[in-house]
Each structure stands twice: as C-alpha cells, then as structure tokens.
Amino acid sequence: MQKKDLFKKIPQVEEILKNSRIEELDYSRTLKTKATREVLEDIRNKIIHCNEDEVEKLSTEINDENIIIKVEERLYREFSPSLLKVINGTGTILHTNLGRSLLDDSIKEDIWNIISSYSNLEYDIAEGKRGSRYSHVTKMIKLLFGVEDALIVNNNAAAVFLVLNTFAKDKEAIVSRGELVEVGGAFRIPSVMAMSGANLVEVGSTNKTRVEDYEEAITEETAVLMKVHTSNYKLIGFTDAVSNKELKELGDKYDIPVMEDLGSGVYFNMEEYGLPHEPTISESIKSGIDLITFSGDKLLGGPQAGIIVGKKEYIDKMKKNQILRALRVDKFTLAALECTIRMYFDEEKAKKHIPTIRMITLTPEELFERAEVLKEKIDGRDTRINVYIEDGKSTVGGGSMPGEEFDSKVIVLTGDGLTADKIEETLRLSSSHIIGRIKDDKYMLDLRTLNDKDFDRIAEEIENCFPRR
Ligand SMILES: *Cc1c(COP(=O)(O)O)cnc(C)c1O
C-alpha cells in the first residue's frame, strides 16, 4: 500500500455521525460534527507526516471502530463539566483552592426556592413598589450584631475597595506598616488601596506602631484611618499595635472615619475549641469602630461575599457610590447568606448546619468514631490497601489563624509496592477526585474535612483503584 491510498481509507464525517454509537451519545449534532472533523483531521496529519515504513501500521489503525472511540473520547474530554466535586481529605477546612466554605444540605431548598422562582429581590411586598436588594440580609445582620446598618458586596476585597473608594479617593488613608497584608491570590492591601484611588500613608515600623504614629501623619487630606487584621501571619516578639479603641478615639478627635478589615470574621469565640483567640465580629463592633469588613466564606461559613457593617451615615454614603453596581451580589448569594446568618441565632443549629463551624467544633472522640466507621468500610472491601488510624493535625486555612494546627484523627493508607505519591496521584485522578495529604512519606485522609456522606464512595473508589491482586 502507498501513502496516498491511506487518504482514501478516511471515512466521511457523515458516515461516522450515522453510526448508532455516535447517534446515541447525549451531545448536540454540532459538537459531534466538530469532534469528528477534528479526529479525521488528526488522522490526515498523521498520514502526511508518516514515513513509508509506517504505512502498513497506519493502514490497520484507520478503521471506523478506532475513529468512533476517538470521537467518544474527545467529546467526553472537551465537553464534560470542568467544575467538579472533589473530596477534601487534606484537613484544611477553608481550602481556598477547593472552594473555601461549604453550604449545608439543610438550606438547599430555601436557596433553590428563591433562585428558581421570581422573588422580592428588589420589590417591597407590603408597599407594592420597588424595594432594595440590600434590605434582606441586612435586616438579619443588624439583628445579629446590633449594628446600625450593613452592606453586602462580592467579596471582602470589594468591601475594602468600596470603603476606600467612597471615603478616601484622591485623599489619604493611614495604615500601619505592620498590617500591609498580602492574602492568597495576590490580593495585597496596598494594591487594593491604590486601585481605589486612595493614597496610602504608611506609619510605624513593621513590628511596632503606636497611636502617636497615626496622629503625626494626620493632615488636611486624611480621610480614613485603617486597621487590617493580619489574618495570615503573626507578628511575635517585640511588637506593638494600636487597638481599635485607641484608633477610634483618635478618629473622633479629628472627625475621621475609622475602618477595620477584619478578614475572616468569626462569630463564636474560637478559644472554646482549642484554637487561638481570633477577634470576633462583636468584639470589633464593641470597640466602636465606624466600619468593619469581612468575608462571607471564611470563618463565617457562608457563600463568597464581602460584608460591611457599621454606622448608618457611612453605609448610606457607600450605597450612593456608583461603583457599588459593579460589586453587587446576585440573589443566589443573598439567599445563601441569609440562610447562613439566620442559623447563628441558634448556637446549636449553627454548629450542626454550618459546615465550617461543624468541622471546627468536631471533638477528638467524634473524629475517632468517624475514623473507625470509615476504616471499617474500607476494610470491608476487596482491596490491597491497609488502613490504620493515627493522630493528625488539621488547619483552619483560608488565611485564618496562621501556623495554628489543632488535633485531629487521620486514616493512613498503605499498600505493598505502593508509594504515598502513587496512592495520592491515583486517588486524585480517580473519578471521585479524592484529595489527601502526604506527611512523613505517609498518605493520609483527615477525618475533620471528610463528609460522612462520602464514606461509601471513598471505600468503593479505593477498591476500584487498588483491587486485591
Ligand atoms: C481574606 C482576606 C481578604 C480578602 O477577602 P476575600 O473575601 O477573599 O476577597 C482581605 N483582607 C484580609 C485581612 C483577609 O484575610
């Protein structure tokens, strides 16, 4: 056979599309045609570039069966969903790469009810006229925290941006050198300030800033005094920072608004759960500070959002800023946030139905019990993986509580001739996408971030990936 004869073996696109296996696939005709054309084009290129001694081999390769398999693979690869569920066994609760906070099944219906129907998003039912999308969650937040007013934007970065853009555009905002934070994903406080149009005035030194440092920097141009919670690093040793209360007193003296970027925003006192003290939202509010911003999907455990709470006169001013339109959240976020905030009125409910809080408050006994259940499920499978339970360490993550680890239980997976890396890669690439952690050359899954409802799936996947030989 000669090279040019190979081209004659290439079927027509129509011929492939008419094949019953292709016809049955649940993709549109346009996508099927596209995939088929591409597969046939690949073959054409292969022929063009092949040597004479490869002709025979290629000739047997070009047949309908092979082409149909390639078309199926291509359709599956290119047109299956890209956003996938993964199983988090890393022990990092607020894993930014894995989607930060989770929402509970118990609020599914409430959220779905709002997003699959028309709603009073911007409609006042009592008055029968236009309402405000910001009124809904705001009502709950005011009740929960006892603040004058609140505003919700896309995320905390947007919240900081909005405050600075509203009050300090073309003016000055004073911030401590010890608080020029960079959060993951290249969010840098100095860059956000610059984009907001505020001129950043740095005071103090990296490890020490006193209230006099702020006072000396105040000029006619000063529009905001700012505090940033150094959420992802710790200053230890010879350090000094100005308290919210001192800064608020200074702000009052010169009639300048004081804001705090609180970062995570916790509601419960974390010390009760063996974690270091993290300033709570209520503590910040009590200090009298004018505006506080925090994330919706860090320790609060809700959807991605930026929450601004504080004085009504300032919030009103921000509501009039045209840029708010570009930062606004949709009904999905508002519904999820309202469901989350409502849960906080009942502490037991919050611990049970806000996954982030639930994971943090799991006790060592509960973790051990869950480890035993999962181990038993895996032991009951026909797999060559051995499982044992060990003490481990979880982290909060999400740029919260730097360097702090707390006790957890893990299951360690081993197998003859299997390295930790091999187990890690196999389970990660499996259809369940199990993401574990390797420590001291051991592959482990942390019970704190695993969900009971995935246990059967995990055991089944381990059997699929590592059947007994
Ligand atoms: C996480 C964090 C941010 C950014 O919050 P997003 O909700 O991710 O935009 C800003 N400031 C601080 C101090 C943070 O910890």
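The values are calculated or read from the model by the stated rules, or taken from the named source; none is laboratory data. Quick caveat, the model's predicted, so the values are computed rather than measured. With ideal geometry, Cβ positions are generated from the backbone for all residues, glycine too; neighbour counts draw on all protein chains shown. The protein model used for the area step is the full one, side chains on, heavy atoms only, and it has no ligands, DNA or RNA in it. Shrake-Rupley method; radii C 1.70, N 1.55, O 1.52, S 1.80 Å.
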Worksheet, complete the sentence: Expected output for the stretch 297-325 (first residue of a type in the set (S, T, N, Q), partner modelled with pLDDT of 95 or more and more than 16 Å from the ligand (Cβ to nearest atom), Cβ below 6 Å, 6+ apart or cross-chain) is Asn321/Thr166
Worksheet item: touching a Cys at 6+ places or on another chain (Cβ under 6 Å) and either assigned by TED's automatic domain parsing to the domain that holds Gly310 or within 16 Å of the ligand (Cβ to nearest atom) (or both) - does that describe any residue in the stretch 110-132?
Response: yes
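What do you reckon, is Gly436 surrounded by 15 or more Cβ atoms within 10 Å (Cβ to Cβ), of a type in the set (Gly, Ala, Ser) and either closer than 30 Å to Glu271 by Cα or in the same structural domain as Ile378 (by TED's automatic domain parsing) (or both)?
Working: surrounded by 15 or more Cβ atoms within 10 Å (Cβ to Cβ): yes; of a type in the set (Gly, Ala, Ser): yes; either closer than 30 Å to Glu271 by Cα or in the same structural domain as Ile378 (by TED's automatic domain parsing) (or both): yes.
Criteria met by Gly436.
Out of all the residues in the stretch 332-350, is one or more closer than 23 Å to Val224 by Cα, open to solvent by 60 Å² or more (accessible area, probe 1.4 Å) and not basic (Lys, Arg)? Step through it out loud before you land on a result.
Going through the stretch 332-350, the residues closer than 23 Å to Val224 by Cα turn out to be none.
Scanning the stretch 332-350 turns up no residue that is closer than 23 Å to Val224 by Cα, open to solvent by 60 Å² or more (accessible area, probe 1.4 Å) and not basic (Lys, Arg).
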Item to complete: Considering (1) part of a helix (DSSP H, G or I); (2) at pLDDT 95 or above, say which one Thr90 fails and leave the rest.
Response: (1)
Item to complete: Output yes when any residue across the stretch 71-78 is of a type in the set (Phe, Trp, Tyr), at pLDDT below 95, away from the ligand (no atom under 16 Å from the Cβ) and farther than 30 Å from Glu460 by Cβ, and no when none is.
Response: no
Worksheet item: How about the stretch 175-209: which of its residues are closer than 12 Å to Leu247 by Cβ and at pLDDT 90 or above?
Response: Val175, Ser176, Val203
Item to complete: Please work out if Gly415 is modelled with pLDDT of 95 or more, out of contact with any His (no Cβ under 6 Å at 6 or more places or on another chain), open to solvent by 50 Å² or more (accessible area, probe 1.4 Å) and small (Gly, Ala, Ser).
Response: no
Worksheet entry | Residue selected from the stretch 277-305 under the condition more than 15 Å from the ligand (Cβ to nearest atom) and part of a loop (DSSP other than H, G, I, E, B), by the criterion nearest to Ala223 (Cα to Cα) | Asp290
Worksheet entry | Residues located in the stretch 308-322, provided they are surrounded by 12 or more Cβ atoms within 10 Å (Cβ to Cβ), charged (D, E, K, R) and either not in a helix (DSSP H, G or I) or not assigned by TED's automatic domain parsing to the domain that holds Val163 (or both) | Lys311
Worksheet entry | Residue selected from the stretch 228-247 under the condition open to solvent by less than 30 Å² (accessible area, probe 1.4 Å) and either part of a helix (DSSP H, G or I) or at positive phi (or both), by the criterion modelled with the highest pLDDT | Leu247
Discussion item. Here are the criteria: (1) under 28 Å from the mean Cα position of the chain (by Cα); (2) of a type outside the set (Val, Ile, Thr); (3) within 16 Å of the ligand (Cβ to nearest atom). Tell me which single one Met140 does not satisfy.
Written reply: (3)
Worksheet item: Given the residues Thr206, Thr219, which is the only one that is over 21 Å from Gly265 (Cβ atoms), open to solvent by 20 Å² or more (accessible area, probe 1.4 Å), in contact with a Lys or Arg (Cβ under 8 Å, 6 or more places away or on another chain) and not small (Gly, Ala, Ser)?
Response: Thr206
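Does at least one position in the stretch 369-388 carry a residue that is of a type in the set (Gly, Ala, Ser), open to solvent by less than 30 Å² (accessible area, probe 1.4 Å) and either free of Cβ contacts under 8 Å to residues at least 12 places away in the same chain or assigned by TED's automatic domain parsing to the domain that holds Gly302 (or both)? Steps first, answer last, please.
So the first thing to find is which residues in the stretch 369-388 are of a type in the set (Gly, Ala, Ser), and the list is 371, 380.
Next cut, open to solvent by less than 30 Å² (accessible area, probe 1.4 Å) only: 371.
So of that shortlist, the ones also either free of Cβ contacts under 8 Å to residues at least 12 places away in the same chain or assigned by TED's automatic domain parsing to the domain that holds Gly302 (or both) come out as none.
So far as the stretch 369-388 goes, no, none of its residues is of a type in the set (Gly, Ala, Ser), open to solvent by less than 30 Å² (accessible area, probe 1.4 Å) and either free of Cβ contacts under 8 Å to residues at least 12 places away in the same chain or assigned by TED's automatic domain parsing to the domain that holds Gly302 (or both).
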